[in-house]
Amino acid sequence: MNSDQHPKLKVAIIHPDLGIGGAERLIVDAAVELASHGHKVHVFTAHHDKKRCFEETLTGSFKVTVYGSFFPRHIFYRFHAVCAYLRCIFVALFMLFKQPSFDIILADQVSVVVPLLKLARSTKVIFYCHFPDLLLAEHTTWLRRVYRKPIDLLEETTTGMADMVLVNSKFTKSTFATTFNGLHLRGVEPAVLYPAVNVEQFSEHCTYKPNFLSINRFERKKNLQLAISAFAMLISSGLCSSEATLTIAGGYDKRLKENVEYLEELKNLAEVEGVFDRVTFITSCTTAERNALLSQCICVLYTPKDEHFGIVPLEAMASRKPVIACNSGGPVETVKHGVTGFLCNPTPLDFSNAMLKLMSDGDLVAEMGREARCHVAENFSTKAFGEQLNRYVLDAYHHRIE
C-alpha cells in the first residue's frame with residue numbers, strides 16, 4: 001500500500017513541553033512526517049513558548065494547542081515528576097473532552113496519560129519511551145526512594161497499557177527489558193524508531209575552522225565539563241594551533257534552576273582550567289545559528305555517558321563534521337568509530353587525544369566528514385524515519401479495525 005492508498009488518519013500527539021531539545025525535535029519531525037503522509041496531525045502540550053521553539057511548530061503543517069501552561073514545573077525546585085504528571089494529565093483530559101476523536105494518539109515521554117487515553121475505546125495509543133524515567137531520577141536518599149516508589153510502579157504499569165511501545169535505540173530497548181522486567185516477561189517488546197535529521201537543511205559546503213563545538217542542554221547529565229577539561233588538556237599540550245577555540249552551545253531555560261547553576265559552574269571551570277578566553281558559551285541558539293556553528297567547526301564533541309540516543313551526532317555528521325563521543329549508549333549505534341568520528345572513554349585524556357588527531361590531519365577531517373554525510377543520509381534521514389513511523393501508525397490502526 002503506497003502513501004496515496006493508505007487511510008488518512010486523525011493523529012494526536014501529546015508532549016509535555018514543546019521547547020528545544022532532542023525529544024522535542026523528534027516530536028516535531030514526527031508531526032511533519034505524518035502530515036506529509038496525508039494524516040491530519042494535532043500536537044497537544046502544556047507549554048509552547050513561541051520565542052523558544054522549533055520553527056515548524058509555528059509554520060508547520062500541523063496544529064499546536066496548549067492546555068495547562070499555568071501548572072508549575074516544580075514546587076520549590078522539588079516534585080518535578082509529580083508536576084510533570086499533573087501537567088500531562090491535564091493536557092490529556094482537556095484533549096479528550098474538548099477535541100474531536102482521533103484514530104491514533106502518540107504519547108511521548110510521560111506514560112501516566114496512557115490509561116486516560118485508552119478511555120477513547122476506538123483510539124489506539126502508541127507510547128514513545130525515550131528512556132525509563134526511573135533510571136533518570138535520583139534515588140539517593142530514603143525519602144527520595146519513598147517518593148519515587150509509587151511513581152516508578154506507575155510508570156511501568158501505564159507503559160504496559162499502550163497498544164504499541166516505541167523506543168529510540170537498541171540500547172534503550174535492552175535497558176527497557178531489564179528495567180521493566182514484568183513487562184518483558186509478559187512479552188511487551190518495544191520497537192525501535194531511531195530519531196532522524198533532515199539532511200538537506202545542512203549545507204554540503206562547509207569550512208573547517210579550528211573550533212571545537214559542543215551542543216547540548218545545560219544539564220549536568222550532559223557532562224559538558226568533559227569538553228572543557230579535554231580542550232584545556234589539548235591546549236596545555238602545546239601541540240595544537242594557538243587559534244584553537246571551544247564553543248559550548250545548547251538549550252537553556254532560565255526557569256530551570258539546574259540550567260542557571262550549571263552554566264555558572266562551567267564558566268568557573270573554564271576559568272580554573274585557564275581557557276576561559278578561548279571558550280564561548282551560547283544559550284538557546286536558533287536553528288539557523290546552530291547550523292552556522294556546525295558548518296564552520298572542525299568537529300563536534302558529544303560528552304554524555306550512556307546517552308539513550310543523541311540527535312546531535314546525527315546533526316554534526318549531516319553537516320560533514322566528525323564526532324567525538326563517549327563509547328556507550330546511542331552514539332555506539334550512530335557513530336562509526338574511525339570512519340565518521342571517534343568513540344572514546346569519557347575521560348579528558350581520551351577526548352583530547354582524538355581532538356589532536358583531527359587538529360593534526362586536515363585530510364582526515366575532510367574524509368570523515370564525507371563519510372559522515374553519506375552515513376546519515378543512508379540510515380538516519382527524516383524520510384526513512386517518516387516511512388517507518390507511518391508503518392507503525394498504520395499497523396496500530398489496522399490492528400484496531402481487525
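Any read-out appearing in this document is the output of simple, stated calculations on the displayed coordinates, not a laboratory observation. Just so you know, these numbers come straight off a predicted model, no measurement behind them. All Cβ positions, even for glycine, are placed from backbone atoms using ideal geometry, and neighbour counts span all protein chains on display.
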Could you work out the relative contact order of the chain, using alpha carbon pairs under 8 angstrom and six or more residues apart, expressed as a whole percent?
15
Hey, can you grab everything whose amide H is under 5 Å from the amide H of V43? Only 5+ residues off in sequence or another chain; H modelled, so Pro and N-termini drop out.
I13, K63, V64, T65
What is the order of I282, I298, I228, fewest Cβ neighbours within 10 Å to most?
I282, I298, I228
Kirkwood Rh and Cα Rg combined as Rg over Rh, evaluated for the range 199-379
0.93
Listing I13, I20, I89, I75 by rising number of other beta-carbon atoms within 10 angstrom, fewest first, gives I75, I89, I20, I13
For G330, distant residues with modelled amide H under 5 Å away:
E307, H308, F309
Would you work out the relative contact order for the range 157-253, in percent, from Cα pairs under 8 angstrom that are 6 or more residues apart?
26
Would you mind checking the tilt of helix 225-237 against the longest principal axis of the Cα atoms of the chain, expressed as 0 to 90 degrees and rounded to 10?
10
Nearest-ten-degree value, helix 170-179 long axis tilted from longest Cα axis of the chain
60
Work out the length of the dipole vector of the chain about its Cα centre, built from +1 on the beta-carbon of each Lys and Arg and -1 on the beta-carbon of each Asp and Glu, and round it to the nearest 20 debye.
1160
Given the range 192-318, what count of lysine pairs have C-alpha atoms under 26 Å apart, with each pair 8 or more places apart or on different chains?
15
In degrees, nearest ten, helix 287-296 long axis to first principal axis of the chain (Cα):
30
Using a ≥ b ≥ c from the Cα gyration tensor of the range 34-121 (square roots of the eigenvalues), is it rounded, prolate or oblate, where a/c under 1.5 gives rounded and otherwise the larger of a/b and b/c decides, a/b for prolate?
oblate
S328, S122, S319 arranged by Cβ crowding within 10 Å, fewest neighbours leading:
S122, S328, S319
Residue-wise, which Karplus ³J(HN,Hα) couplings in Hz belong to the range 78-86, taking 6.51 cos²θ - 1.76 cosθ + 1.60, θ = phi - 60°, and x for glycine or proline?
10, 6, 4, 5, 4, 5, 5, 4, 5
Taking amide hydrogens as modeled 1.01 Å from N in the peptide plane, which residues meet the under 5 Å criterion relative to N216, leaving out close sequence neighbours?
A249, G250, G251
Loop sites only, by DSSP: take the chymotrypsin sites (Phe, Trp or Tyr not before Pro) in the chain that have at most 13 other C-beta atoms within 10 Å and name the longest stretch containing none of them.
78-402
Go ahead and estimate [θ] at 222 nm for the chain from helices alone: -39,500 (n - 2.57) per DSSP H run with n ≥ 4, summed, over the residue count, rounded to 500.
-13500 deg cm²/dmol
Chain lengthening between S101 and D361 when straightened (0.36 nm per residue, less Cα-Cα):
87.8 nm
Relative contact order (%) - the range 199-379, alpha-carbon pairs under 8 angstrom, separation at least six:
27
